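These notes are about the structure you will find just below.
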Amino acid sequence: MVGDGDLVAMVAALTPGGPRDRPVRHQAVLLLWAIGRAERGSPRLVRWSDARQDLRSMLAVLGRQGSRPTPEYPFLALVGTGWWEVPDAPGPVPRAHGSTPLRWLEAHDPLGGLPREIHDRLRSDPVERGRVVQALLDRFFDDQPAADVLAAVGMARDVGRDPAWVWDELVLACDLVAHNGWHELPVEDPRVIGLSQLLRSLPIHPVALRGPRFRSPDSVRRKMADIATRHPNSRRRPTNGGKLDLEVLGAFLEHPGEMHAIAELIRTGAQTDEFDELPRDDIDARAMEGRLLERRHLRRERDPRLRERKIRAVLDRDGRLECEVCSFDFERTYGPRGAGYAECHHVIPLHASGETVTRLRDLAVLCANCHRMIHRGTRWLTVDELRELVRGQ
């Protein structure tokens with residue numbers, strides 16, 4: 001099973017042939033092609049006979065000088081990396097060397113594709129998909145224009161088209177609309193221009209997937225109109241917009257103080273370049289804090305020195321380490337392997353505390369399941385709320 005935030009690391013872990021600074025591109029071409037299929041909603045698995053010619057043509061265009069366009073190599077070489085599966089193979093898959101792979105593929109014509117978990121993650125999450133694509137481009141195609149590579153693998157429709165707005169961006173746009181009495185601003189307004197510049201600076205969407213008008217002042221004005229015309233008091237016909245626009249608007253109407261504080265924290269973090277160094281975890285993008293602030297929240301929780309101090313304090317006090325919600329004890333279940341292990345959760349959300357010094361009493365000891373449940377959904381639960389939920393089952 002692929003863990004949270006592992007996909008970019010899995011790109012780095014690939015072991016293609018060739019020198020370290022000029023790796024052979026066959027595996028990267030197949031992965032980009034498969035990711036493009038996932039994005040378009042094409043079937044996850046594809047027959048070798050259906051993929052062969054497409055891959056050969058792409059490798060002829062994108063392969064390094066002197067390399068042969070051999071699609072059989074990546075179709076089998078990626079098996080065992082976690083990136084690719086051949087589920088109907090009649091026995092062991094041969095190694096991707098010599099003439100055996102092609103003979104085997106021609107004889108059996110198997111299905112191949114991304115494992116379901118990876119496929120579904122990349123299909124449903126455009127931000128994670130963009131990060132993986134960017135990682136592949138950076139490692140294998142650093143000397144070629146990203147637009148040319150993406151066009152060659154069938155992802156041309158992503159080039160020049162703005163990525164969808166995500167929660168963090170919509171929070172900033174909605175905050176500006178709210179401060180203007182729930183009306184949009186003209187495109188030449190300095191606040192619109194400033195928000196455009198801020199959105200372009202956020203490390204959310206990979207540069208390779210940004211169009212030339214990415215988050216331009218005009219696109220910001222249009223998004224503000226999408227939000228303003230969906231306000232309950234608006235008498236205008238709603239403009240274009242999506243479900244996420246309504247969710248962010250609803251959060252502002254229900255929790256105005258918290259949402260304004262969250263917007264201010266995002267602005268402050270962007271101005272200090274703090275978000276550039278944050279870990280890219282698989283998180284719930286629709287938590288009120290959004291991706292960027294939740295990454296910062298998780299960094300506080302995972303501070304190894306602080307976590308060690310908290311665990312030592314609990315063990316000194318109680319003599320055991322139990323989840324504060326469900327009482328799960330890793331050592332009791334797993335023996336010595338689980339001794340001294342638990343996760344720590346910061347009980348004060350960033351929108352309430354800002355970036356302050358974390359005290360031991362601000363941390364709760366949780367098992368992994370309860371920690372995940374607290375962070376799930378638009379509004380994070382408190383430890384007490386989750387404890388009551390568990391007791392009520």
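Laboratory data are not the source of any read-out in this text; all were calculated from the coordinates shown. In this text the structure is predicted, and so the values were computed from the model without any measurement. With ideal geometry, Cβ positions are generated from the backbone for all residues, glycine too; neighbour counts draw on all protein chains shown.
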Practice item. Find, to one decimal place in angstroms, the Kirkwood hydrodynamic radius of the range 167-277, where the mean of 1/r is taken over every pair of different Cα atoms and then inverted. Key: 14.3
Check your understanding: Does the chain classify as rounded, prolate or oblate by the C-alpha gyration tensor (a ≥ b ≥ c root eigenvalues; a/c under 1.5 gives rounded; else a/b over b/c gives prolate, otherwise oblate)?
Key -> oblate
Check your understanding: In the chain, with Lys and Arg counted as +1 and Asp and Glu as -1 at Cβ, which of these residues, 154, 244, 82, has the Cα nearest the positive end of the dipole, that is, farthest along it?
Key -> 154
Review point. Which whole DSSP H helices in the chain pass both tests: a Cα extent of 15 Å or more along the axis and a mean Kyte-Doolittle value no lower than -0.5?
Key: 26-40, 48-62, 126-140, 167-179, 190-201, 243-254, 256-271
Check your understanding: Which value in deg cm²/dmol, rounded to the nearest 500, describes the helix-derived mean residue ellipticity at 222 nm for the chain, given -39,500 (n - 2.57) per DSSP H run of n ≥ 4 and division by the residue count?
Key -> -15000 deg cm²/dmol
Point to revise | Over the chain, relative contact order from alpha-carbon pairs under 8 Å, at least 6 apart, % | key: 12
Exercise for review: Name the most mobile residue of 71, 92, 23, meaning the one with the largest mean-square fluctuation, in a Gaussian network model of the chain with Cα contacts below 10 Å.
Suggested key: 92
Revision key, fill the gap. Answer in debye to the nearest 20: the dipole magnitude of the chain about its Cα centre, from +1 Lys/Arg and -1 Asp/Glu charges placed on Cβ, is 620
Check your understanding: With point charges of +1 on the Cβ of Lys and Arg and -1 on the Cβ of Asp and Glu, referenced to the Cα centre of the chain, which listed residue (334, 36, 167) lies farthest in the positive direction of the dipole?
Key -> 36
Review point. In whole Å, what are the Cα extents of the range 109-218 along the three principal axes, biggest one first?
Key: 62, 31, 20
Review point. By its C-alpha gyration tensor, with a ≥ b ≥ c as the square roots of the eigenvalues, how is the range 1-73 shaped: rounded for a/c under 1.5, else prolate for a/b larger than b/c, else oblate?
Key: oblate
